[in-house]
Amino acid sequence: MKRNLGAIERWIRVVGGIIMMVLGITLPIPFWAEEIAETIGLLAVVAGAVGYCPLKHMYARRGQKSGSSS
């Protein structure tokens, strides 16, 4: 698996993900919103720690396909 995130983007994802998880746990918001915030935060932390984001990879491939066909 090839890394597709730079060092700065990785740190931003890790820190932002941790902040989202903490806010999801501490804020007095509905349960479903807590779960969404915690899940998105966890995904951001994992992507930052691993250095690979599947969504970014998918969109990069989509852009290359449409650009190469013209």
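Every read-out reported here was derived from the displayed coordinates using simple, explicitly stated rules and does not represent laboratory data. In this text the structure is predicted, and so the values were computed from the model without any measurement. Methodologically, a virtual Cβ is constructed for each residue, glycine included, from the backbone with ideal geometry; neighbour enumeration extends over all protein chains shown.
Identify the residue in segment 1-36 that is touching a Cys at 6+ places or on another chain (Cβ under 9 Å) and not in a helix (DSSP H, G or I) and, among all such residues, is surrounded by the fewest Cβ atoms within 10 Å (Cβ to Cβ). Among those residues, the one meeting the criterion is ASN4. Taking the criterion of being aliphatic (A, V, I, L, M) and under 11 Å from the mean Cα position of the chain (by Cα), the residues of segment 21-49 that qualify are ILE40, LEU42, LEU43, ALA44, VAL45, VAL46, ALA47, ALA49.
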